[in-house]
1. Can you tell me which of (1) assigned to a helix (DSSP H, G or I); (2) small (Gly, Ala, Ser); (3) within 21 Å of the chain's Cα centre (by Cα); (4) farther than 20 Å from residue 224 by Cα is the one residue 174 doesn't meet?
2. For the condition under 16 Å from residue 183 (Cα atoms) and either aromatic (Phe, Trp, Tyr) or surrounded by fewer than 16 Cβ atoms within 10 Å (Cβ to Cβ) (or both), what is the one hit in 110, 132?
3. Taking only the range 235-251 into account, find how many residues are crowded, with 20+ Cβ neighbours inside 10 Å and modelled with pLDDT under 95.
4. So, residue 230, is that one at pLDDT 95 or above, surrounded by fewer than 16 Cβ atoms within 10 Å (Cβ to Cβ), over 23 Å from residue 77 (Cα atoms) and among the basic types (Lys, Arg) or not?
5. If residue 57 meets every condition in (1) at pLDDT below 95; (2) more than 21 Å from the chain's Cα centre (by Cα) apart from one, which number is that one?
6. Would you call residue 184 surrounded by fewer than 19 Cβ atoms within 10 Å (Cβ to Cβ), within 14 Å of the chain's Cα centre (by Cα) and charged (D, E, K, R)?
7. Search the range 153-169 for residues that are in a loop (DSSP other than H, G, I, E, B) and pair each with any residue that is of a type in the set (A, V, I, L, M, F, W, C) and surrounded by 10 or more Cβ atoms within 10 Å (Cβ to Cβ) when their beta-carbon atoms are under 7 Å apart and the residues are at least 6 apart or on different chains.
8. Checking residue 120 against (1) farther than 28 Å from residue 245 by Cα; (2) among the acidic types (Asp, Glu); (3) buried (at least 18 other Cβ atoms within 10 Å of the Cβ): exactly one of these is not met. Which one?
Amino acid sequence: MPTVCGTPGPPERPPGAPRTTPASPGGARPPPRDAARRRRSRRRSTEQQEAPVSTPPFPDQRTAVVTGAGSPRGIGRALAARLAREGWAVAVMDLDEEAVADVAAGITEAGGRALGVGVDVSDPASVDAAAARVEAELPPVVGLANIAGISSPTAFFDTTPQEWDRVMAVNARGVFLATQRFGRGMADRGLGRVVSISSVSAQRGGGTFSKSAYSASKGAVVSLMRAVARELSPLGVTANCVSPGPVDTDIMGGPLDDERRADMAAAGLVGRVGTVDDVAALMAFLLGPDAGNITGATYDVNGGLHMS
């Protein structure tokens with residue numbers, strides 16, 4: 001057989017023999033590139049885990065925004081007063097500008113700091129203008145309480161598209177607009193608390209006063225807060241819901257008479273309907289410095305009417 005001139009090639013690998021990596025000139029086998037990448041990735045991961053999470057301290061000078069604070073018997077007014085007593089500056093907002101001016105005046109007379117601002121939470125321009133005023137006149141916004149809402153006792157087959165849109169605009173779109181507008185500043189500063197009012201109606205499909213449109217809008221609030229928590233919590237902004245059962249406020253169609261109150265109390269376990277302070281106390285905690293590790297949660301305040 002003729003001989004082929006030139007550099008001889010590698011010896012032929014016998015059938016079934018394992019493949020080998022050519023040795024380097026020094027005799028050591030070089031590590032595969034992917035193994036080196038894995039080691040670098042592990043080092044970076046360890047460094048990230050060991051690095052402390054930096055959260056700005058809770059400031060002494062801080063503002064809480066409370067939407068839906070105009071109703072004389074509402075949760076928003078009770079929460080605003082409680083937050084002011086706890087040292088917050090409070091921006092009280094409502095479609096009824098005269099009502100929130102009175103709320104702010106009462107807080108100021110009691111020694112607190114407050115600003116009443118008229119706003120239509122369903123209108124982006126109105127929300128932006130109200131936020132700009134709050135940011136210009138009060139300390140940085142750390143807390144947002146989304147309480148503005150409207151009821152809808154209309155039965156499903158009687159609900160028009162216009163009624164559906166009206167309820168969704170305030171109860172769901174309003175929460176989205178306010179959270180997005182104030183959430184940007186919170187995220188930029190690395191600290192914020194968002195607490196939004198849902199309802200036991202979202203969990204039970206109604207059954208108290210309002211019906212399908214209201215229940216759907218309050219279910220949307222729960223889903224939105226969970227999504228906001230997922231996106232903003234890494235930026236220092238927590239987001240949670242409070243889900244009240246029956247509370248004696250005007251959103252129940254006016255003051256509860258003795259018969260309605262007794263019927264609603266009988267459906268729960270503690271023997272009474274809720275009060276605005278029951279809800280305001282929990283919301284104030286979730287807005288405060290001790291709630292920094294709570295996010296994406298929904299808290300029931302319903303006297304055992306519904307257990308999640």
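The values are calculated or read from the model by the stated rules, or taken from the named source; none is laboratory data. Please read all numbers here as calculations on a predicted model, not as lab measurements. Cβ atoms come from the backbone with ideal geometry, glycine included; neighbour counts cover every protein chain shown.
1. (4)
2. Within the list 110, 132, the selection yields 132.
3. Count: 7.
4. yes
5. For residue 57, the exception is condition (2).
6. Criteria met by residue 184.
7. So the pair list comes out as 153/209; 154/213; 159/213.
8. (1)
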